[in-house]
1. Suppose the chain between residue B:702 and residue B:299 were pulled fully straight at 0.36 nm per residue; how much longer would it get relative to their current alpha carbon spacing?
2. Across peptide B:510-519, how many C-beta atoms of other chains are within 10 Å of each residue C-beta, on average?
3. Label-point separation (nm) for residue B:609 and residue B:254, each offset 7 Å from Cα along Cα-to-Cβ?
4. In nm, to one decimal, how far is the residue B:547 label point from the residue B:462 one, both placed 7 Å along Cα→Cβ?
5. In terms of the Cα gyration tensor, with a ≥ b ≥ c the square roots of its eigenvalues, is the range B:301-343 rounded because a/c is under 1.5, prolate because a/b exceeds b/c, or oblate?
6. Cross-link list B:37/B:281; B:151/B:280; B:406/B:496; B:151/B:281; B:37/B:300: which exceed 22 angstrom alpha carbon to alpha carbon?
7. Quote to one decimal, in nm, the extra length available between residue B:482 and residue B:160 on full extension: 0.36 nm per residue of separation minus the C-alpha distance between them.
8. Starting from the Cα-Cα distance between residue B:289 and residue B:214, subtract it from 0.36 nm times their residue separation and give me the gain in nm to one decimal.
Amino acid sequence: MEIAENINALFGRTTEQISNAPRSLDILPIGAQARVTGVTGSGAIARRLLEMGVVPGAPVRVIKAAPLGDPIEVRVRGYHLALRRTEAKTISVTSD
Amino acid sequence: MSSVLESPSLDSQNADAKHAPARPLVIALAGNPNAGKTTLFNSLTGLRQKVANYPGVTVERKEGSWTIASDLRSARLIDLPGLYSLDAASMDERIARDVLTGNIPNLPAPDAIVAVVDATNLERNLYLVTQLLEYGRPLVIALTMVDLALKRGLEIDANELAESLCVPVIPVTAQQRVGLDDLSKAVLRVIGRKAEGARWRLSDCTECELMALMSGGGDSIDRQTALRTLYADELPQDDGLREAIESARERLAHINVNWWQEPLIARYDWIEQISSRAVKKHAAPRLSTTERIDRILTHKFFGPLILIAVMLLVFQTIFSWANLPMDLVDKGFGRLGEAVGSLLAPGLFRDLLVDGIIAGVGGVLVFLPQILLLFFFIAILEDTGYMARAAFLMDRLMRGVGLHGKAFMPLLSSFACAIPGIMATRTIENPKDRLATIMIAPFMSCSARLPVYTLMIAAFFSGRKFFGFLSVGALMIMAMYLLGIMVAIGVAWVLKRTILKAPTPPLVLELPPYRVPNFLTISQMMISRAWLFLKRAGTVIMAISIILWALATFPRPPQANVVNNDAAVAQATKAGEESETDAGVKTAPGLAGQSGEQLSQSYAGRAGHLIEPVIRPLGFDWKMGVALISSFAARETLVSTLSVIYNVGKDRDSSSDSLVNAVREAKREDGSPAWTPLVALSMMVFFVLAMQCMSTVAVVRRETNSWRWPLFMIAYMTVLAYIASFITYQGGRLLGFN
């Protein structure tokens, strides 16, 4: 499932980058730069993400994935944050 | 300014402090994790600090005294735990909020707060500052890592920042003591003055709701309280207010599903405005040093390899480097025992002092070098920032058993000692994940098991090598560590699917920039941990040593001649020291048998006999039973108990020749050897899995706030140990070993 999504992300990258359609952070390829449009979900994790500066308008860049593909490392507000793909899924982004 | 300072008038919740005639100033130090808070705290207080816990919880409470001005009494500087926010998601955040509002017993609300802000990470650090401002206490910002920010092309205008926030901003370089005087002056200047408060605004609808809450109901509340109650997790007790809040939330949710995000987003909007004025961005290198290092250390292929190499290096070092100081401690206690023994007249008191107390405590202090070394490595890994990378690399595997990447650090610490490991689990926010981590932490082979492994290996598996350099002993120890890890994984898997069932915990973890480790921070951590261990050795273990000695000594057999018995022990010891001679080896078992008679009659011996039928299938005889009973208090006492049982007296070092020989030569009643390689292996397996540490039980009791979990822990671990040991011994016999 995840792999399929990754492959889609890989191949669909160029077309999606042109269209500014919002999508979630977890399907962005490594090295992609995007802007946060919102954090869905409620509860402690959504709150923590917002507190850490993942708020609408903030630029994010996907730096790398851990050896087993998960979690991923992103750069936001000048620092590095590790989060799982399940958490990254709750962050919607749009390409600049 | 006089040394008598009244608490500021905004201090409404602390009536005592208001009337306190004279007390030292209380200053709180707050900041994000990795913002340089500890370094600043150390520079301000020097070594005048103490570490304790907040009442009822195990959040570390660090307090030091800060000479804020030469003519003033030293201020109490409270180091709050590292925080990202004050919204009380974790225990650390709740405690920090309680400190700021004066809700901790015997600790007045702080007269001022020093907020540590990392210049390289300004926006996220300012989030906590906006929340601190909302609490209205006098606030000073200590801006750290300004030079590092400059290297990254970020030039920060401290004056502009101070103007925007309406609080003093003092750039500091704590290690070089730059800016510390200015910081003191700024703190003294703001005391008694309420901070301006954060000037971020909410949408009109939300402001209307706040206004309504402020005026509605019986007691009017201020804007800050209204805001906090509207967005709090729990609803207020008061019926009227609760209804007002609930209906307000409903209206807000109607306009925006994510209504609760509004204040968080509004704070960042304000922060972005401030940072756009205060920060000038210059051209910066495309890749920071940290990113360069991470290209290798968290590399898909090299990352895990390096992690394994680091762990191997740590353990190898502990086993080889620790030997010299361990020998010194051991010899020191041997000398002390001899000296005390020769000073005192033979008798019960001398036996108690030499064989009970000095032998028992010395036997434990032998591990201090190893524990210090392990803490040294853990502190370095933490201080450099590598620990977070380890969590990043290990998270996928940890998640496989339903645990958090953050559980990796407490579990790794548990290889030194489960106590600090269990205490470190408080960084895990979800209580069920935390419990699961606590429950498996004691499976990590702690340093107290090492003497047991060492003794068994020295007696039965030493001297052989694989490939010319890998000793069988090292491989055996590695196997024992792996066994503990495998069982821990299995248990976590089961627990997370049964009694601790919960969705997989999320991971949101900062990967801080790599730093050169700070020697002071590391040595302080080592000292405080070592002190914890020494206190334990000085109290629990000493008490157990005395009890054990008494249990093994009383009731005394009717004809036992004290002087003769002592002479025999002395002779046995002497013989043991010359153990390589044939005569020595021959004498020892005979003497052991003679005194074994007495031990057999003692309370300890009777208990050993009592459990012998139960432990017989594991390959253990009653003497090992006695040792097992004693080691249920603390694992390492196995070695000292065996020394007592086999009459090796003053030799407590697990690798000392006399004890090793005594173990090799020990016989059962029927004359067959008591120990065989298989029995030794069975014993090691038992020690990997059994819960044999009173101090850990006590810590678990305190961490979980109930007896249920520690008792459950003792029960299931002992059962597992029994089963595994049974399989080892009986399986080994079936395979033809003996």
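1. Full-extension gain reported as 141.1 nm.
2. Working: counts 5, 8, 2, 2, 0, 0, 0, 0, 0, 0.
So the per-residue partner count for this stretch is 2.
3. 8.4
4. It works out to 3.2 nm between the two label points.
5. Verdict is prolate for the range B:301-343.
6. Beyond 22 Å: B:37/B:281; B:37/B:300.
7. Between residue B:482 and residue B:160, full extension yields 110.3 nm more.
8. 21.9 nm
Bear in mind that the values in this text are calculations on the coordinates, not laboratory data. All values derive from a computational prediction rather than experimental measurement. With ideal geometry, Cβ positions are generated from the backbone for all residues, glycine too; neighbour counts draw on all protein chains shown.
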